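Step one of this worksheet: look at the structure below.
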Amino acid sequence: MTKESDSGIAMLKHYLLDIAYFKYLYIACLAILLIAAFLFNRYSKRLYEVNSSIGPVQNDASSLLSSNDLFLGLKSLQSNRSLENGINTLMSFPTVSSTITNMDLEIGYFRERNKLFRQKSELYLRSPFVVKMDKSHIQPIGAKLRIIILSDSTYRLMASQTRVSMYNYLDNQIVRENATLFIDTICRFNETIRNKNLKFSVSFKKEFYSKVSFSEDLYYFSFFHLDFLTKEYLKNLKVESLSPKTSIIILKFRGHSVDKIVNFLNRYIDAILEENLAKKNKIARSTIKFIDSQISDISDSLVISESNLRNYRSANQVMDLSFQGKSIYDKLAQIENERAALKVQERYYNYIINNFKANKDMSGVVPPSAMNVADPIMNQLITDLLALYTQRSGILSNNTGKNLYLGPIDNKIKVQQQTIIENVTNNLGTLNLSLNELNYRSDKLSAEISQLPKTELNMVGLQRKFNLSDVIYTYLLQKRSEAAITMASNYPDYEVIEPAREFTKRVIIPRAKLSYLLALFFGFLIPSGFILVRDFFNNKISSIFDLESLLNRSSLTTIFYNNYKSESVVTEAPRSAIAESFRNLRSNLFLKLKSEKTKVILVTSSQPKDGKSFVSFNLASSIASAGYKTIILDCDLRKPTLHEKFKEDNSKGISDFMVNNASVADIVRKTSVENLSFIPAGPLLPNPSELIESGALDELINNLKKEYEYIIIDTSPVGLVADASQMIRYASLILLVSRINYTRKDILASVVNNFNSNKIDNYDAVLNGLSIKTSPYRHYSSYYIKK
């Protein structure tokens, strides 16, 4: 197994031990979140979703308009319309608003139940009372108007609210804001209630009334702002394609009342179909309107000319023309037919010019082909104009306010209208020339007719007027019938494939399984995140893993936390867990230093209070108790403490030897521990580092090596002063003591880096102060604790 895999396994074990240590935090988080998930699933307000699908009609049956273009009609005008624009057209603000109005959704009926949590539910079509408001009067929107039914004929109306907005439904605007509404009165059902802030009547629906429910729950109704309500409904409405390869579109709608969202979605789709059909019939209606305006004038002329012809024949007993008169009349009739066709074109061109002058919106203009006017150029120009208006309508139907594409389309419409006007003006000039030519031919034939007998001559004139009016009248009636048939045979461009149904509803909120899965996920994530954050910001050694990761080597042993009042745990509590940990340290040292004749062990730390003196004191006692002749030196010449642990005075010691004021025999003292001797630090010196550097301790160490098997040197912290670094040359092995949850990682890392840079490798780490309850031996802690 590689070093990297060992490190990964160690890290995994470290985090698993952390999880085991914080198991109660995990249990608490899981329990709290699972209870929260249960309460959320039980008491949260249900949000449902229903859907309906629509698709294009596959049959082409309209004469004026094609029905195979998705949602937009006029296939010849809209063949390049994308599916995305069709989807956007279905998100119509005006259509949603009109559907809300038609369903009387501006008033909402609600019930609140005060149980464990306050639960609000909407009473769509199940309210025990129905409000009929007067839209010509202002109404308080957003206010809770509470109803308490007293009997079948009376009820109590209550409301007390500040900062209420007064809204006019007909003008669709807020009249007054921040008004105060207070009302508490007893009223009769179907009686109009009126004051300066409201006007409505309430009717009683006995089939939905429950006396028990009314005594326990709060029933009220509220008025809503139409635009705000429409915006909310559009937010809950979603239109999307079934797949990129199909033209089927899915409409989804969300809400808290199943019946309400099902009815709304179906009514909304019906309104979309009706609106689409109305757009398709717009040209047909415009054609019929134009023809009706022309027929009213032609019919009067036809009646008059018919009457004059009939009276003249009756008076003069003339029923037919001579052969010569018949021949001239046929020629005149041909000229009149041509003139009638030109007159129809002239009326159409005048209709275009008059409409362009009178109306800004020309989306309903009649194309020339609908009036049988043979003008391909004008027909194309009108077709392109209608296409631009259809694009503009699609953009406006999205209700996105200012649209970047609207300006360019408006400019194109203006240019197209100007082009049409110029073309119409030129065509009218050409028509006048053609009419002048026909007039010349007609005048020439009239000169020939003048040579006929007077009776026959007058009859020809009357017959000409009658035939001209009759031809135009018959032609207009024929075109009107065609337009009416077309309008009757038109159908929407799309049809409902699957309407919204109650049994296809889907619960969006709450999702029970998802709630419990999230509770489990966050139940593990929150404690794990706490552990990770805690470890990330913790700058102290908190585990064996931290120590070994920083040193990049295994620790020699672990010293358990001292729960005893005395520091001499090896001699005073020999069967304790901490004493056993010192024996483990001793055994490891024996194995490590078995080849050394005299073992010099230097005990140091990276910072004060890591427990190096405590470790060196008990380590020396443990080695001596094994029968090895041992001596411990208090070389912490800055802040000595070993004399206190041995309960000896510090009047004479190593410092005296260093300045040649004492011999080795003068400073060595016997202890109460068999085989263990002790040399105190002695009085403080002003320059201990310089003396150590000069070799003041060389003689002492050499003499002690001859007499003792183990020499334990307790030095000052190696990361704080230079004394310990200068004494490293005497050591067979360095014990670097760290204290759990106390030793700073950055200071210890600095010491290790210093060792590595000076190529000092004969050191091992000892972790001090580990609680046995957090160690792998926590289950066996009672094994060591003996009275």
Requested in this report: Over the stretch 510-640, calculate the relative contact order: mean separation of alpha carbon pairs under 8 Å at least 6 apart, over the residue count, as a percent.
Outcome: 17 percent
**Report entry** Net +/- balance of residues flanking Ile288 in space, Cβ distance below 12 Å, scoring K and R +1, D and E -1
**Finding:** +3
**Report entry** Built amide H within the under 5 Å cut-off of Thr557, gap 5+
**Finding:** Leu767
Query raised in the report: By how many nm would the segment from Asn426 to Lys647 grow when fully extended, if each residue of separation counts as 0.36 nm and the alpha-carbon distance is taken off?
Result: 66.9 nm
Report summary line: Once Lys and Arg are counted +1 and Asp and Glu -1 for all other residues with Cβ under 12 Å from that of Val373, the total becomes +1
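Can you give the FRET efficiency for Asn308 and Glu274, using 1/(1 + (r/R0)^6), R0 = 41 Å, r = Cβ-Cβ distance, to the nearest 0.05?
Numbers: r = 49 Å, r/R0 = 1.19.
Efficiency computed from Cβ-Cβ geometry: 0.25.
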**Report entry** In Hz, Karplus ³J(HN,Hα) per residue of the stretch 423-434 (6.51, -1.76, 1.60; θ = phi - 60°; x = Gly, Pro)
**Finding:** 5, 5, 4, 5, 5, 5, x, 5, 4, 4, 5, 5
Report task. Rounded to the nearest 0.05, what FRET efficiency do Asn687 and Lys597 give with R0 = 35 Å and r taken as the Cβ-Cβ distance? Could you check? Result -> 0.60
Query raised in the report: Under a plain spin-label model, where a point goes 7 Å from the Cα along Cα-to-Cβ, how far apart in nm are Phe530 and Val507?
Result: 3.1 nm
Query raised in the report: Cα to Cα, under 17 Å, and not fewer than 8 places away if on the same chain: which aspartates and glutamates meet these conditions relative to Lys599?
Result: Asp634, Asp698, Glu699, Glu707, Glu709, Asp714, Asp761, Asp764
Report task. Given a cut-off of 19 Å, name the pairs among Lys132/Lys206; Lys629/Lys705; Lys612/Lys745; Lys120/Lys144; Lys629/Lys670 whose C-alpha atoms lie farther apart than that in the structure shown. Result -> none
Query - Extension gain (nm, one decimal) between Leu518 and Ala374, 0.36 nm per residue minus Cα-Cα - result: 44.7 nm
Query raised in the report: If we restrict to alpha carbons, what Rg and Dmax does the stretch 488-621 come to, in Å?
Result: 32.9, 118
Query raised in the report: By its C-alpha gyration tensor, with a ≥ b ≥ c as the square roots of the eigenvalues, how is the stretch 593-705 shaped: rounded for a/c under 1.5, else prolate for a/b larger than b/c, else oblate?
Result: rounded
Requested in this report: Provide the per-residue ³J(HN,Hα) series for the stretch 639-644, in order, calculated from phi with Karplus coefficients 6.51, -1.76, 1.60 and θ = phi - 60°, each as a whole number of Hz, with x at glycine and proline positions.
Outcome: 8, x, 9, 5, 4, 6
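Quote the FRET efficiency, to the nearest 0.05, computed for Leu433 versus Tyr491 with a Förster distance R0 of 41 Å and r equal to the Cβ-Cβ distance.
0.40
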Query - Lysine pair count for the stretch 211-292 [Cα-Cα under 21 Å; pairs on different chains or 8 or more apart] - result: 9
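Stretched out fully, how many nm does the piece from Ser555 to Tyr15 gain, at 0.36 nm a residue minus the Cα gap?
Residue separation times 0.36 nm, minus the Cα-Cα distance, leaves 192.6 nm.
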Requested in this report: Could you run the Karplus curve 6.51 cos²θ - 1.76 cosθ + 1.60 with θ = phi - 60° over the stretch 719-729 and give me ³J(HN,Hα) per residue in whole Hz, x for Gly and Pro?
Outcome: x, 10, 10, 8, 4, 5, 4, 6, 8, 4, 5
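Quick note: the coordinates plus some simple rules give every number you see, no bench work behind them. Every value quoted in this text rests on a predicted model; they were computed, and no experiment measured them. Positions of Cβ are backbone-derived with ideal geometry, glycine not excepted, and every protein chain shown enters the neighbour counts.
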